[in-house]
């Protein structure tokens, strides 16, 4: 399956409509979940080349028929100047950096503009703490691109806190 096959089934031809119930207040455990990885350049956490980086990585993934069925992406906002992008794949991707993620993750869905990210990260830490856990690492899943968010009328972000 190619990414265009997945996107062609959506009402926008791009990002699928997101159902917050899918990820809100869940706990998931991954064992060596495989991802193709790339680096995005940012300025104060504002991505500068996200579209190009995603397109280039998805092309490599499509070239070897390795896309997961839902185009699942995670971002590690690990610097003011960049973020690591992870796209779930079904096998190794030639020419791409590969990464496996394992662990238990608590999830929470947030709705609103990306400018709330810092506030949401603090809310996520509080949520995890109230459950008696400690955040080891946090990943962000942006459910739609800006154009699709405008079409759907909502912008959702899922935070994955590794505990």
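The values are calculated or read from the model by the stated rules, or taken from the named source; none is laboratory data. Keep in mind that what you see is a predicted model, and the values were worked out from it rather than measured. Cβ atoms come from the backbone with ideal geometry, glycine included; neighbour counts cover every protein chain shown.
Some points to look at:
- The C-beta contact set for the stretch 105-134 (first residue buried (at least 16 other Cβ atoms within 10 Å of the Cβ), second residue part of a helix (DSSP H, G or I), distance under 7 angstrom, 6+ apart or interchain) comprises 106/128; 108/124; 108/127; 109/20; 110/116; 110/120.
- Every pair of residues 6+ apart whose Cβ atoms lie under 6 Å, when the first sits in the stretch 24-40 and is on the phi > 0 side of the Ramachandran plot and loosely packed, with under 14 Cβ neighbours inside 10 Å while the second is at pLDDT 95 or above and part of a strand (DSSP E or B): 32/100; 32/102
- Subset tally (residues that are over 15 Å from the mean Cα position of the chain (by Cα) and closer than 24 Å to residue 113 by Cα) for the stretch 20-40: 3
- Subset tally (residues that are surrounded by 17 or more Cβ atoms within 10 Å (Cβ to Cβ) and either over 9 Å from residue 87 (Cα atoms) or over 14 Å from the mean Cα position of the chain (by Cα) (or both)) for the stretch 41-56: 4
- Among the conditions (1) touching a strand residue (DSSP E or B) at 6+ places or on another chain (Cβ under 6 Å); (2) over 17 Å from residue 1 (Cα atoms); (3) surrounded by 15 or more Cβ atoms within 10 Å (Cβ to Cβ); (4) modelled with pLDDT under 95, the only one that residue 68 does not satisfy is (2).
- Filter pass, residue 102 being within 25 Å of residue 36 (Cβ to Cβ), surrounded by fewer than 19 Cβ atoms within 10 Å (Cβ to Cβ) and modelled with pLDDT of 95 or more: yes
- The sole residue among 87, 61 that is in a strand (DSSP E or B) and under 17 Å from the mean Cα position of the chain (by Cα) is 87.
- Whichever residue in the stretch 1-21 is without any contact (Cβ under 8 Å) to a residue 60 or more places away in the chain, assigned to a helix (DSSP H, G or I) and out of contact with any helix residue (DSSP H, G or I) (no Cβ under 9 Å at 6 or more places or on another chain) and, among such residues, is surrounded by the fewest Cβ atoms within 10 Å (Cβ to Cβ): 21
- Near pairs, Cβ below 9 angstrom, 6+ apart or cross-chain, from the stretch 75-98 (within 20 Å of residue 138 (Cβ to Cβ)) to any residue that is part of a loop (DSSP other than H, G, I, E, B) and modelled with pLDDT of 95 or more: 87/93; 87/96
- Qualifying residue in the stretch 112-134 (condition: touching a helix residue (DSSP H, G or I) at 6+ places or on another chain (Cβ under 7 Å) and under 20 Å from residue 22 (Cα atoms)): no
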